[in-house]
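The next block holds one structure in the form of structure tokens; read it before the comments.
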Amino acid sequence: MNIHMNLKENSYDIIVERGLLQKASSLLNLDRRVLVVTDSGVPASYAEALAKQCKAPVIYTAEAGESSKSLDTFRELLSVMLENSFSRKDCVVAVGGGVVGDLSGFAASAYMRGIDFYNIPTTLLSQIDSSIGGKTAVNFGGIKNIVGAFYQPKRVLIDPALLKTLPDRQISNGLAEAIKMALTSDKELFRIFENEDIENSLDEIIIRSLNIKKAVVEQDEKESGIRKILNFGHTIGHGIESSHAPELYHGECVALGMIPVCSEEIRPRLINVLKKCSLYNPVNFNCDKINEIILHDKKADGDTVSVTTVSEIGQYEIKTMGLTQLIEEAEKCLKG
């Protein structure tokens with residue numbers, strides 16, 4: 001399936017098909033120097049399979065984990081390109097999850113003021129969400145994604161067959177983002193989560209999620225308005241992640257972050273879906289730490305924060321809430 005992201009001069013195709021990695025050279029311009037960025041958590045055979053299709057490949061393998069999403073690793077990527085005489089005509093290809101995609105895209109955006117970037121996401125979380133939309137970033141000063149740029153890929157290849165090596169917990173981690181999109185934008189997708197077999201519905205879940213994000217990004221490429229709905233669950237979720245990583249994964253934190261910003265009528269249904277997807281892990285809530293993280297949130301303004309809420313499945317509202325009110329609601333819902 002070909003999903004076209006219509007962003008005028010920044011438009012690109014998102015191709016969803018099993019087996020895409022093995023024929024990437026027919027879909028991407030690899031007849032040049034190619035920096036293939038991956039990490040130690042991704043099967044090495046994936047990056048090697050892509051490199052075999054490139055004219056002049058250089059493989060860079062970062063350490064797996066959020067700690068690699070740093071200015072130090074960003075600098076290393078730039079150094080590798082410089083040492084290998086990359087020009088403006090060359091490109092970067094991410095073969096990995098969200099950390100790899102964010103790092104690679106940010107490095108591509110900065111090197112010589114921008115070279116081509118392709119994304120081949122290998123986790124469900126990145127296939128559903130982070131591989132499209134053009135958000136690239138690294139963490140800094142203990143704050144997630146605080147340094148970065150909007151930089152769209154030239155093409156995204158989504159191969160669900162690459163998910164076969166993922167542990168169950170990583171599949172659940174990705175499903176959190178799809179549940180998020182179902183709650184705000186797709187009642188039918190939420191019905192699938194409630195009533196259907198998740199494993200058998202995975203390709204449909206990926207495609208429906210991508211179409212939701214595509215529609216949002218096309219209306220608001222740089223998050224000045226409606227794109228804020230993609231942050232549903234992330235305000236509290238990022239706070240939990242900053243205080244509980246690596247104990248909890250990103251998707252697991254976002255899953256918990258959705259509960260306080262849903263209406264009381266929806267919460268039991270959401271919790272049942274989260275349990276079905278192994279995403280319901282109440283935490284020992286550190287209010288002070290989470291409050292500190294929210295104060296640095298890009299959506300915060302003094303003692304208030306802009307929050308996406310859901311009172312009816314498939315519909316959303318963006319509200320301004322007091323930080324104290326938000327923290328109190330989260331503590332009531334999530335105390336482990």
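The values are calculated or read from the model by the stated rules, or taken from the named source; none is laboratory data. For clarity, every value in this text was computed on a predicted model and none was experimentally measured. Backbone-built Cβ (ideal geometry, glycine too); neighbour counts: all protein chains shown. Ligands, DNA and RNA are stripped out before the accessible areas are found, and what is left, the full protein with its side chains, is counted by its heavy atoms. Shrake-Rupley method; radii C 1.70, N 1.55, O 1.52, S 1.80 Å.
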Exercise. Could you say whether any residue in segment 24-35 is under 26 Å from Y249 (Cβ atoms) and either under 23 Å from the mean Cα position of the chain (by Cα) or open to solvent by less than 30 Å² (accessible area, probe 1.4 Å) (or both)?
Worked result: no
Exercise. Among the residues of segment 174-183, is there at least one that is farther than 30 Å from G19 by Cβ and at pLDDT 95 or above?
Worked result: yes
Problem set entry | Subset of segment 55-84 [open to solvent by less than 70 Å² (accessible area, probe 1.4 Å) and over 26 Å from G148 (Cβ atoms)] | A56
Exercise. In segment 34-60, what count of residues is obtained for those that are free of Cβ contacts under 8 Å to residues at least 24 places away in the same chain and hydroxyl-bearing (S, T, Y)?
Worked result: 1
Exercise. Does segment 111-127 hold any residues that are in a helix (DSSP H, G or I) and open to solvent by less than 10 Å² (accessible area, probe 1.4 Å), and which are they?
Worked result: L124, S126, Q127
Exercise. Can you find even one residue in segment 164-187 that is at negative phi, touching a Lys or Arg at 6+ places or on another chain (Cβ under 9 Å) and open to solvent by 50 Å² or more (accessible area, probe 1.4 Å)?
Worked result: no
For this session: Would you tally the residues in segment 219-261 being of a type in the set (D, E) and open to solvent by less than 30 Å² (accessible area, probe 1.4 Å)?
Result: 3
Seminar exercise, completed: By residue number, the members of segment 28-78 that are in a helix (DSSP H, G or I) and under 21 Å from P246 (Cβ atoms) are E66, S67, S68, L71, D72, T73, F74
For this session: Would you check which residues across segment 85-100 are open to solvent by less than 10 Å² (accessible area, probe 1.4 Å) and part of a helix (DSSP H, G or I) and list them?
Result: V100
Exercise. Residues of segment 304-320 being of a type outside the set (S, T, Y) and either open to solvent by 80 Å² or more (accessible area, probe 1.4 Å) or more than 22 Å from P268 (Cβ to Cβ) (or both), which ones?
Worked result: V305, E312, Q315, E317, I318, K319
Exercise. Pairs, please: C-beta under 7 Å, at least 6 apart or cross-chain, first residue touching a residue at least 40 places away in the same chain (Cβ under 8 Å) and in segment 151-180, second of a type in the set (K, R) and not in a strand (DSSP E or B)?
Worked result: D159/R18; P160/R18; A161/R18
Problem set entry | Residue identified as part of a strand (DSSP E or B) and either among the β-branched types (V, I, T) or open to solvent by less than 10 Å² (accessible area, probe 1.4 Å) (or both) among A137, A107, A149 | A137
